[in-house]
1. How about region 71-109: which of its residues are within 15 Å of Lys49 (Cα to Cα) and charged (D, E, K, R)?
2. Among the numbered conditions (1) in a strand (DSSP E or B); (2) without any contact (Cβ under 8 Å) to a residue 12 or more places away in the chain, tell me where Ile90 comes up short.
3. Here is a list: Phe53, Phe100. Which entry is in contact (Cβ under 8 Å) with a residue 12 or more places away in the chain and surrounded by fewer than 12 Cβ atoms within 10 Å (Cβ to Cβ)?
4. Could you please let me know if Ala95 is among the small types (Gly, Ala, Ser) and surrounded by 15 or more Cβ atoms within 10 Å (Cβ to Cβ)?
5. Starting from region 58-84, take each residue that is without any contact (Cβ under 8 Å) to a residue 24 or more places away in the chain and over 16 Å from Glu32 (Cα atoms) and list its partners that are of a type in the set (D, E, K, R) and part of a loop (DSSP other than H, G, I, E, B), counting only C-beta distances under 8 angstrom and pairs at least six apart or across chains.
6. Scan region 68-98 for residues that are more than 17 Å from Ser43 (Cβ to Cβ) and touching a strand residue (DSSP E or B) at 6+ places or on another chain (Cβ under 8 Å) and jot them down.
7. Can you find, within region 75-92, the residue that is surrounded by the most Cβ atoms within 10 Å (Cβ to Cβ) among those that are under 12 Å from Val60 (Cβ atoms) and of a type in the set (D, E, K, R)?
8. Looking at region 63-104, which of its residues are among the aliphatic types (A, V, I, L, M) and in contact with a helix residue (DSSP H, G or I) (Cβ under 9 Å, 6 or more places away or on another chain)?
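Quick note: the coordinates plus some simple rules give every number you see, no bench work behind them. Predicted model only: the values in this text are computed from it and were never measured. Cβ: placed from backbone, ideal geometry, glycine included. Neighbour counts: every protein chain shown.
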Amino acid sequence: MRRAALIAACAFGALLPLAPADARAKPVVTIEGWFEGTQGGPSWVGEVKARRFCERNRRVSLYLKRPGRDDKIGSDPKAKDNGEDQTIWILRQNAPDPGFYYAKLKRNSDCRGARSDLFEFGPNLHRG
């Protein structure tokens, strides 16, 4: 009887899907652009896309790509739900330097971190 129970338990276990080595949820962070007309002053705006528990209250940092070490421009300590089923981050900055920017989402115990694609900003590019 014990042997049959052991065989049944092993067979059942073989049917269960294996969890990946890093089972934390993988989010996506984007940069939508730099907008002069944002409420509260000129700002960078982006979005965090992930499972709901991984979207809210996540720190998003913005960097300017440089040779060597990149310049950290600043952080939005808590990405917020905008009421339209989107979680956005906002970082106030007057007149950014031309160049390539990216956003980083810091990992936590439940969710992996993420990095956006490079976003090119220049005098005639991506202004709202």
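1. If the condition is that a residue be within 15 Å of Lys49 (Cα to Cα) and charged (D, E, K, R), then Lys78, Lys80, Asp81, Glu84, Asp85, Lys104, Lys106, Arg107 are the ones that fit.
2. For Ile90, the failing item is (2).
3. Only one candidate qualifies: Phe53.
4. Judged against the criteria, Ala95 is not a match.
5. Pro77/Arg59; Lys78/Arg56; Lys78/Arg58; Lys78/Arg59
6. The answer is Asp70, Asp71, Asp81, Pro98.
7. Among residues in region 75-92 that are under 12 Å from Val60 (Cβ atoms) and of a type in the set (D, E, K, R), the one surrounded by the most Cβ atoms within 10 Å (Cβ to Cβ) is Asp76.
8. Answer for region 63-104, where residues must be among the aliphatic types (A, V, I, L, M) and in contact with a helix residue (DSSP H, G or I) (Cβ under 9 Å, 6 or more places away or on another chain): just Ala79.
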